[in-house]
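**Q** Have a look at the structure that comes next, please.
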Amino acid sequence: MPRKFIELSEKIEYLSILDENAKVDEALEPKLSGEQLKTIYRYMLLARRTDERLLLMQRQGRLGTFPQSSGHEAVSMGAAFAITADDWQVPAYRELPGMLYRGWSIDHFMLYWNGFEEGARVPDNVKDLPICVPIATQLLHAVGIGMGMNIRGEKNVVLTFFGDGASSEGDCHEALNFASVFSAPVVFVCLNNQYAISVPLSRQMHSETIAQRAVGYAMPGIRVDGNDVLAVYVATKEAVERARSGGGPTLVEGLTYRLTPHTTADDPKRYRSDEEYQLWLSREPLKRFRRYLEKKGLLNDKDHERLEAELDSEIKQAMERTEAQIKAEDLKNPTSMFDHLYKDIPPTLQNQRDEFARYWESRHKASDKQNPQKSGARTD
Amino acid sequence: MTEMNMAKAINLALHEAMARDDRVIMLGVDIGPDEGVFRITEGLFARFGDKRVIDTPLAESAIIGTAIGMAIYGLKPVCEIQFAGFDYYNYHQLECHAARFRNRTRGRLTVPMVMRAPYGGGIRALEHHSESREAIYAHTPGLKVVIPSGPRNARALLHSAIQDPDPVIFYEPKAVYRLFKEDVPQEMETLPIGHARVTQEGKDISLISYGASMRPTLEAAECLQDEDDASVEIVDLLTISPLDIETVVNSVKKTGRAVVVHEGPRTCGLAAEVVASINENVLLNLEAPVKRVTGYDVPVPYFSKEQWYLPDADRIVAAARETLNF
């Protein structure tokens, strides 16, 4: 027969466990202890409050432009909770809850978004790469780490994140394909918030889901309610177990929504309607998970108040520490720009360093230069 | 004449070019309803529609690669890469194809396209949003690289770039977008690509720069005039490839002293090419070694320290004094 059908597994699963009204599907509910559930909630709330505080600092001119995480807590935290400390995490830039959970401090984010390289220094014993700004590029690093695990015969996995916009980049395709060909133990989590700055999903792709692209790479793909932390956790956990037992990569798509602008420099009113925003606000991840915990008797109003106060003080302390740190000499001195480029500084660069050090000495003592806020990003 | 800033002047050029030539097509991300992250494409989507102002999926290589196809097909694509820090994704398409089609096909197929991108530091942007890597493009045979320094020359040069028969990289100094206003004439004007401009005549020293670095260079010139009583000549390169060696050489022949200024890293930066050209042509006219004031050979530091990386008037004045007192 010259012409026939090739059978492909084209069915893509969709998973939702805890809906926006906090109704739970008990058959699908993961078996997590009360402590585990409370930990998940704690980091989701910590990230939300940190995000809000960072925004406040940005508005006060104490922070630069930054991309907020609010609305994405379930995808980040649900996925990060499915791996162990020995596994690796390769983030993009909206994975605040998962990174805090993995051991990054709030200070790191306050430094990074305030223009200090020290914010990207991965804490000791944390197997994460730092925030990655160039879209989709980090996915290949994740695959490389996964291939390394195969080469060394280690049973760890890599969890990596990308957005819906990133799914259009060539690097995304290359990463998925490499992971598939080399059976790398990588779980790709797409944080699909339906907009790449202003460009809607319909301009990003004409396929129904991002998850279905998995078919083309012969790997399992699943779309989950990205505002349902339980669904994200369950789907990621399955993918992690499969990867750990030699089953190769998985593509998990979490459908969610940015509750904020892309960054503090953009105005979403230009490209999203208020109706749409309100609809997705009603589906946001924290409220339903809080009600779930309340129904389970794990959290009451008083506990919540206490938790809020505790997190607030944690954030304030981080702020105080950060503000002290950036005033200290070792963080202020720009001579450090030369010090971490190579293991040993080459002579040509040493000359430039010496030249700069003399200049810095002569200048900064006279008057502390202010960083001029010139024109540019549209804050006007 | 109308007073406007550079962002507005570039926007005006895009409006004019699209209105007068329906082959001009815009491609980029967030250039449509959002009107660009720096608002450079304001009003274009509303006026010319989504067939000519195309918000693409997020893929820089695809933007440039498809623009090459369009250009070969007979259109004149003007691409916006949102930040120059992300044009490495598409460098491959420019180096291997845009820059080579004319040569490979012995002139049969050509690529008249423009890649616009905001470059440079000074706006407290986050990581990867402050680079000046124009030298990479100047080092790529087959490309032209144009870098305006003010509203009026930006508008005129963008017209020239769009009308050019070959691929042009048009780097926009983002720190200058809204820094100052200038009179821009009502009627459309062009400026020839490949020509530098002596923006101020002088006898003692030539300060040579382009793009964003023109501002501190002008400041330094004022300081040298006031405090050192020096007669300063200023050369604005405007095009860094092909380089207008004649204008540079004539200036240095007259002054015998020069300082070259740019934001990009020093090693293999534009200043190295300018100095080599001076040495090749007027070495014996020099009264002092030519100095470079540039970015250092490090990634642009995050914004808390970027002002220490960027050449400023103080560094330029210090270099000029060493040259004057040599």
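Bear in mind that the values in this text are calculations on the coordinates, not laboratory data. Treat the numbers as computed from the prediction; the structure is a model and nothing was measured. Neighbour counts are summed over all protein chains in view; Cβ atoms, including those assigned to glycine, are modelled from backbone coordinates with ideal geometry.
**Q** Filter chain A for me: DSSP H helices, axial length by Cα at least 20 angstrom, mean Kyte-Doolittle hydropathy not below 0.5. List them by residue number. The partial results should precede the final answer.
**A** Values: long enough: A:34-59 (37 Å, -0.59); A:137-152 (24 Å, 0.61); A:229-244 (22 Å, 0.37); A:301-327 (39 Å, -1.48); A:347-364 (25 Å, -1.92).
Length and hydropathy pass: A:137-152.
**Q** Only Lys, Arg, Asp and Glu count, each charged at its Cβ (+1, +1, -1, -1), so figure out the dipole size of chain A about its Cα centre, rounded to 20 debye.
**A** On the way: 49 positive and 56 negative charges, 51 e Å.
Magnitude of the dipole: close to 240 debye.
**Q** So how strong a dipole does the protein assembly as shown carry about its Cα centre when Lys and Arg Cβ are +1 and Asp and Glu Cβ are -1, to the nearest 20 debye? Write out the running numbers ahead of the final one.
**A** Details: 83 positive and 101 negative charges, 228 e Å.
Charge dipole, the protein assembly as shown, about its Cα centre: 1100 debye, nearest 20.
**Q** Where the centre of each part is set by its Cα atoms, how far does segment B:256-271 sit from segment B:147-220, in angstrom?
**A** Cα centroid of segment B:256-271 versus Cα centroid of segment B:147-220: 17 Å apart.
**Q** Plugging the Kirkwood radius over Cα pairs into Stokes-Einstein for the protein assembly as shown, at a temperature of 37 °C and a viscosity of 0.692 mPa s, what D comes out in µm²/s? Please list the in-between numbers first.
**A** On the way: Rh = 27.3 Å.
It diffuses with D of about 120 µm²/s by this estimate.
**Q** Counting Lys +1, Arg +1, Asp -1, Glu -1, what net charge surrounds B:LYS203 among other residues with beta carbon under 11 Å of its beta carbon? Don't skip to the answer; put the middle values down first.
**A** Numbers: positive: B:LYS254, B:ARG257; negative: B:GLU201, B:ASP204, B:GLU233.
Net charge around B:LYS203: -1.
**Q** Expressed as a whole number of Å, what is the distance separating the alpha-carbon centroids of segment A:63-107 and segment B:68-135?
**A** Between the Cα centre of segment B:68-135 and that of segment A:63-107, the gap is 34 Å.
**Q** Could I ask something else about it? Only counting other Cβ atoms within 10 Å, I'd like A:SER202, B:SER277 sorted with the fewest neighbours first. Before the final figure, lay out each step's value.
**A** Values: A:SER202 8, B:SER277 17.
Ascending Cβ contact count within 10 Å gives the list A:SER202, B:SER277.
**Q** Calculate for chain A the 222 nm mean residue ellipticity that helices alone would give, adding -39,500 (n - 2.57) per DSSP H run of length 4 or more and normalising by residue count, nearest 500 deg cm²/dmol.
**A** Values: 14 runs with 168 residues, N = 380.
So the helix-based figure for chain A works out to -13500 deg cm²/dmol.
**Q** In whole Hz, with x marking every Gly and Pro, tabulate ³J(HN,Hα) for segment B:283-299 from phi via Karplus 6.51 cos²θ - 1.76 cosθ + 1.60, θ = phi - 60°.
**A** 3, 6, 8, 6, 9, 7, x, 6, 9, 10, 10, 9, x, 7, 7, 9, x
**Q** Just need the relative contact order of chain A here, percent rounded to a whole number, with Cα pairs under 8 Å and 6+ apart. Please list the in-between numbers first.
**A** Numbers: 607 pairs, mean separation 78.2, N = 380.
Reported as a whole number, the value is 21 percent.
**Q** Turning to a different aspect of this structure: Going through the cross-link list A:LYS332/B:LYS181; A:LYS269/B:LYS8; B:LYS76/B:LYS254, which pairs have a Cα-Cα distance over 31 Å in this structure? Mind dumping the intermediate values first?
**A** Values: A:LYS332/B:LYS181 34 Å; A:LYS269/B:LYS8 22 Å; B:LYS76/B:LYS254 41 Å.
Checking Cα-Cα distances, A:LYS332/B:LYS181; B:LYS76/B:LYS254 exceed 31 Å.
**Q** Mind putting a number on the dipole of segment B:278-326 about its Cα centre? Charges go on the C-beta only, +1 for Lys and Arg and -1 for Asp and Glu, and I need it in Debye to the nearest 20. Display every interim value, and only then the final one.
**A** Numbers: 5 positive and 7 negative charges, 16 e Å.
Its charge dipole is roughly 80 debye.
**Q** Among residues other than A:SER33 whose Cβ falls under 15 Å from its Cβ, what is the net charge (Lys/Arg +1, Asp/Glu -1)?
**A** +3
**Q** Putting +1 on Lys and Arg Cβ atoms and -1 on Asp and Glu Cβ atoms, find which of A:LEU259, A:TYR277, A:GLY297 reaches farthest to the positive end of the dipole of segment A:252-299.
**A** A:GLY297
**Q** Ok, one more. Determine which lysines satisfy two conditions relative to A:LYS237: a Cα distance under 28 Å, and not lying fewer than 8 residues away in the same chain.
**A** A:LYS11, A:LYS23, A:LYS31, A:LYS38, A:LYS127, A:LYS155, A:LYS287, A:LYS295, A:LYS296
**Q** What per residue convex hull volume, in Å³, comes out for segment B:2-184 when only alpha-carbon positions are used?
**A** Convex hull of Cα atoms, per residue: 102 Å³.
**Q** Let me ask something additional. Rg and Dmax in Å for chain B, alpha carbons only: what are they?
**A** In Å, with Rg to one decimal and Dmax whole: 19.4, 60.
**Q** Can you compute the helix-only [θ] at 222 nm over chain B? Use -39500 (n - 2.57) per DSSP H run of at least 4 residues, normalise by all residues, nearest 500 deg cm²/dmol.
**A** On the way: 11 runs with 111 residues, N = 326.
One gets -10000 deg cm²/dmol as the mean residue ellipticity at 222 nm.
**Q** Okay, next question. Looking at the square roots a ≥ b ≥ c of the eigenvalues of the Cα gyration tensor of segment B:197-324, which shape do they give, rounded for a/c under 1.5, prolate if a/b is larger than b/c, or oblate?
**A** Working: a/c = 1.76, a/b = 1.27, b/c = 1.38.
Cα axes put segment B:197-324 in the oblate bin.
**Q** Among B:THR255, B:THR41, B:THR199, which one moves the most in a GNM of chain B with springs linking Cα atoms closer than 10 Å?
**A** Of the options given, B:THR199 has the highest mean-square fluctuation.
**Q** Which three lengths, in whole Å and largest first, does chain A cover when its Cα atoms are put on their principal axes?
**A** 80, 58, 42
**Q** Let me ask you something else. Kirkwood hydrodynamic radius for segment A:223-342: how many Å is it when counted over pairs of different Cα atoms?
**A** Numbers: mean 1/r = 0.0520 Å⁻¹.
Taking every pair of different Cα atoms in segment A:223-342, averaging 1/r and inverting gives 19.2 Å.
**Q** Count charges around B:ASP244 for me, please; just the other residues with Cβ under 15 Å from its Cβ, Lys/Arg as +1, Asp/Glu as -1. Spell out each step's value before the answer.
**A** Values: positive: B:LYS144, B:ARG197, B:LYS253; negative: B:GLU233, B:ASP236, B:GLU246, B:GLU273, B:GLU280.
Here the count lands on -2.
**Q** So, one more: From the residues B:HIS129, A:GLY146, A:PRO347, which one has its Cα farthest along the dipole of the protein assembly as shown in the positive direction, the dipole being from +1 and -1 charges on Cβ of Lys/Arg and Asp/Glu about the Cα centre?
**A** A:GLY146
**Q** Provide a whole-number value for the mean count of partner chain Cβ atoms within 10 Å of the Cβ atoms in peptide A:332-339. Don't skip to the answer; put the middle values down first.
**A** Values: counts 2, 2, 8, 2, 3, 10, 4, 1.
Other-chain Cβ atoms within 10 Å of each residue's Cβ, averaged: 4.
**Q** Can you say what percent of the DSSP beta bridges in chain B, counting only those with both residues inside, are antiparallel? Round to 5. Don't skip to the end; give the middle numbers.
**A** On the way: 8 of 41 bridges.
Just about 20 percent of them are antiparallel.
**Q** Check B:VAL53: other-chain or 5+ apart residues with amide H under 5 Å from its amide H, H built from backbone geometry?
**A** B:MET26
**Q** Chymotrypsin sites (Phe, Trp or Tyr not before Pro) within segment B:170-267: which are DSSP loop residues with at most 14 other Cβ atoms inside 10 Å? It would help to have the intermediate numbers written out before the result.
**A** Working: sites: B:PHE170, B:TYR171, B:TYR177, B:PHE180, B:TYR210; in loops: B:TYR177, B:PHE180, B:TYR210.
For chymotrypsin sites (Phe, Trp or Tyr not before Pro) across segment B:170-267 that sit outside H, G, I, E and B with at most 14 neighbouring Cβ atoms in 10 Å, the list reads B:PHE180.
**Q** Related question: Which of B:ALA59, B:ALA13, B:ALA135 ends up with the largest GNM mean-square fluctuation for chain B, with Cα atoms connected below 10 Å?
**A** Evaluated over chain B, the most mobile residue of the options is B:ALA59.
**Q** With chain A treated as a Gaussian network of Cα nodes joined by springs under 10 Å, which of A:ARG291, A:ARG242, A:ARG203 yields the largest mean-square fluctuation?
**A** It is A:ARG203.
**Q** List A:TRP104, A:TRP360, B:TRP308 from most exposed to least, where exposure is judged by having the fewest other Cβ atoms within 10 Å. Before the final figure, lay out each step's value.
**A** On the way: A:TRP104 24, A:TRP360 15, B:TRP308 21.
Ordered from fewest to most neighbouring Cβ atoms within 10 Å, A:TRP104, A:TRP360, B:TRP308 come out as A:TRP360, B:TRP308, A:TRP104.
**Q** Moving on to the next point. Out of every Cα pair in segment B:47-117, what percent are spaced more than 18 Å from each other?
**A** Numbers: 885 of 2485 pairs.
Distances greater than 18 Å cover 36 percent of the Cα pairs.
**Q** Determine the relative contact order of segment B:2-184: mean sequence separation of Cα pairs under 8 Å and six or more apart, normalised by residue count, in whole percent.
**A** On the way: 371 pairs, mean separation 50.8, N = 183.
Computed value for segment B:2-184: 28 percent relative contact order.
**Q** Along each of the three principal axes of the Cα atoms of segment B:149-248, give the extent in whole Å, ordering the values from largest to smallest.
**A** 45, 31, 23
**Q** Have a look at A:THR39, A:SER207, B:TYR309 and report the one farthest towards the positive end of the charge dipole of the protein assembly as shown, computed about the Cα centre with Cβ charges (Lys/Arg +1, Asp/Glu -1).
**A** Projecting each Cα onto the dipole axis, the largest value belongs to A:SER207.
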